[in-house]
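Take a look at the structure set out below.
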Amino acid sequence: MRKIIITSVAAAALFAAGTFFGLMHRTSQSDSDLNALFGMSAAAQAGGVYVNAVDLVIIPSEMSKFVEAIKENASNSVKEPGCREFNVLVLANRPNHVFLFEVYDNEAALAAHRETPHFKKFFATAGSMIVDRNVQAMSVIAMNSKIQG
């Protein structure tokens, strides 16, 4: 009996989570949808930042050259006036799957980034190393960080 109750509770929790995250990950997600879900403006909550999330799959044999190129691009990007963060990560179980998490003041700052000499150099160097690319503009609900001292 106890096992049935625990299983039922777990199933209900999975259903609720699936419903919630299904709403969150609809392809036509808009700020008004976020307002309805969370009762706030996502842009206002985040202070009006623009987040660019990029999933990349790199040719495994090119990974070391790609890492060198993306690190140079990232370090130069955060020197741009409109770029707040430029983070480069890899999946622990798929080291040739790279995730870029870029935070800009606004969409115009991202457009300006794409016109910089260092971005053009990066893309000329690393473009052929990328097998798959998925770029997504993200709406921020909350960004939390702790400054390490």
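The values are calculated or read from the model by the stated rules, or taken from the named source; none is laboratory data. Keep in mind the model is a prediction, meaning the values are calculated, not measured. Backbone-built Cβ (ideal geometry, glycine too); neighbour counts: all protein chains shown.
Quick notes on this structure:
- Within the option set ASN96, ASN106, being over 13 Å from ALA53 (Cα atoms) and touching a helix residue (DSSP H, G or I) at 6+ places or on another chain (Cβ under 6 Å) holds for one residue only, ASN96.
- Boolean, ASN144 is out of contact with any Pro (no Cβ under 6 Å at 6 or more places or on another chain) and under 18 Å from PHE66 (Cβ atoms): no
- Test result for PHE101, crowded, with 17+ Cβ neighbours inside 10 Å and in contact with a strand residue (DSSP E or B) (Cβ under 6 Å, 6 or more places away or on another chain): no
- Of the residues screened, ALA44 is not one that is part of a strand (DSSP E or B) and either modelled with pLDDT of 95 or more or within 23 Å of MET143 (Cβ to Cβ) (or both).
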